[in-house]
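Working notes, structure below.
The values are calculated or read from the model by the stated rules, or taken from the named source; none is laboratory data. Treat the numbers as computed from the prediction; the structure is a model and nothing was measured. Cβ sites come from the backbone with ideal geometry, for glycine too, and all protein chains shown count toward neighbours. Heavy atoms of the whole protein, side chains included, go into the accessibility calculation; ligands, DNA and RNA do not. Shrake-Rupley method; radii C 1.70, N 1.55, O 1.52, S 1.80 Å.
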Amino acid sequence: MDTFTIIAALITISALISYLNLRFIKLPGAIGVMFVSILLSIFILVTGKAFPTAFNFIRELTRSIDFTKTLLDIMLAFLLFASAFHFEYKKLQEQKRPVLVLSTIGVVGSTIIFGLLLDITTTLLGIDLPLVYCFLFGALISPTDPVAVMSVLKKSRIPNSLETIISGESLLNDGVGLILFVTIGEVAAQEATFSVSHALELFAKEVFGGLALGAATAIVTGYLTRKIQEFQTAVLVSISMVMMISILGGLLHVSIPLAAVAAGLILGSSSIGAKSNKELQDYLHRFWELIDELLNIILFVMIGLQIVVMPFIGHYWFIGLVAVLFVLIARGVSIAVPSMVMRRSLKTNFNNTAILVWAGLRGGISVALALSLPESPYKRLILSASYIIVVFSVIVQGLTLNKVVNRFVK
């Protein structure tokens, strides 16, 4: 299937699914789109023999899309830049301590706790899954997904302070999660021993390199947009900046997500560039809000359609549901323990912790990382369980988030 046909088919299906959701099902945007996509995928799987043309078309379309490359190398930078561009940096500064703790210590702690719980369970059940792969699974599923989090929080009634913490954490924790994933993946692939110095070197290069790249491109873009007044040219400059972040980030092996976030925060919250021209800045905000919404719809449709190419998912329902429980436990402990140690700084209580746990959604990044795993006897289990966690996270947690907020906010 050629590139134009793939794009045309994906956009058409996304438009149809979005229309069906808004017209009939009426669930919140991202949740409804994923829900309808999954229903469509299940319908196609069940009626595959009755409608072989539709089944073969959807399956070929989904297989033609390199989900990992499309999300991590192309869409993610645009989505994160758009989210960070609208984010109020002053609010992030007010909640910087809990955000930094959750995006670093929280992710590492959740990875370890999840890996140990999964290892104990698979050992008791007689499932062959080495400890290193349990930790690898933990690394790809522990970071909260900024795309899923932002799309759900838009429709929630969560308090502003907690919304800032959750949004800020989701924007920043990808760097730690990806570094853990890459480091543990190297150990799993080469059966190497864990090296603290190597992990720290990788962390420094990915994180600080990504932040430097984002800041540099934002400053250049800000200088260019300050000299122009035309909306069209400013949009083209901002689009080219995000594309260059993706290309240079890959070439320099630095964190593309952190670079996109840094660029978005700087351009959206500083006095450089179009910020000095309020009308031009408003146009840019509207444009990137539109891009954010459109890419969110397409991404969640892609996630929903993935079930068509994962027929083996039915063999791992139990371990997937157990993994859902372990993710929630690991996140709860990784939030509660730092909160008790740093009570004055984090200012969290049981009610806030419960909301933070339930609002920590997983999304397409986890599926993309699971798909990127090299072939092994353990890939199918991890991929299927990751998909189950993501579906539960977006649909169940997303739909019930407001009820949890109402229950624990007094």
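Some notes on this structure:
- Option label - P(r) over Cα pairs in 10 Å bins from 0, in percent computed here, alternatives (1) 4, 20, 28, 24, 16, 6, 0; (2) 5, 22, 32, 27, 11, 2, 0; (3) 5, 22, 32, 24, 13, 4, 0: (2)
- Each Cα pair under 8 Å and six or more residues apart adds its separation to the average, and for the chain the resulting relative contact order is 28 percent.
- When +1 charges are put on Lys and Arg Cβ atoms and -1 charges on Asp and Glu Cβ atoms, the dipole computed for the range 132-191 relative to its Cα centre reaches about 400 debye.
- Subtracting the Cα-Cα distance of residue 64 and residue 294 from their residue separation scaled by 0.36 nm leaves 80.7 nm.
- Comparing 160, 173, 296 in a Gaussian network model of the chain where C-alpha atoms under 10 Å apart are linked, the largest mean-square fluctuation is found at 160.
- Zone of residue 56's modelled label, taken as backbone nitrogen in the range 1-34 under 15 Å from a point 7 Å along Cα→Cβ: 1
- Put a plus charge on the Cβ of each Lys and Arg, a minus charge on the Cβ of each Asp and Glu, and nothing anywhere else: the dipole of the range 67-408 about its Cα centre is then about 1020 debye.
- 3J(HN,Hα) from dihedral phi, the range 122-133, Karplus parametrisation 6.51/-1.76/1.60, rounded to Hz, x for glycine, proline: 5, 5, 5, 8, x, 8, 7, 8, x, 4, 5, 6
- Modelled label reach - residue 161, point 7 Å along Cα→Cβ, the range 386-410 residues with backbone N closer than 18 Å: 405-410
- Entry note, the chain: the mean residue ellipticity at 222 nm calculated from DSSP H runs of n ≥ 4, each adding -39500 (n - 2.57), is -24500 deg cm²/dmol after division by the residues and rounding to the nearest 500.
- Highest-MSF residue in the chain out of 88, 60, 375 [GNM, Cα springs under 10 Å]: 375
- Here the Gaussian network model covers the chain, with springs between Cα atoms less than 10 Å apart; of 355, 13, 165, 13 fluctuates the most.
- Within the accessible area of the chain (1.4 Å probe), percent carbon and sulfur: 66 percent
- Unit charges at the beta carbon, dipole of the chain: most positive-side option, 134, 356, 211: 356
- Linear extension gain, residue 46 paired with residue 204, 0.36 nm per residue minus alpha-carbon span: 52.0 nm
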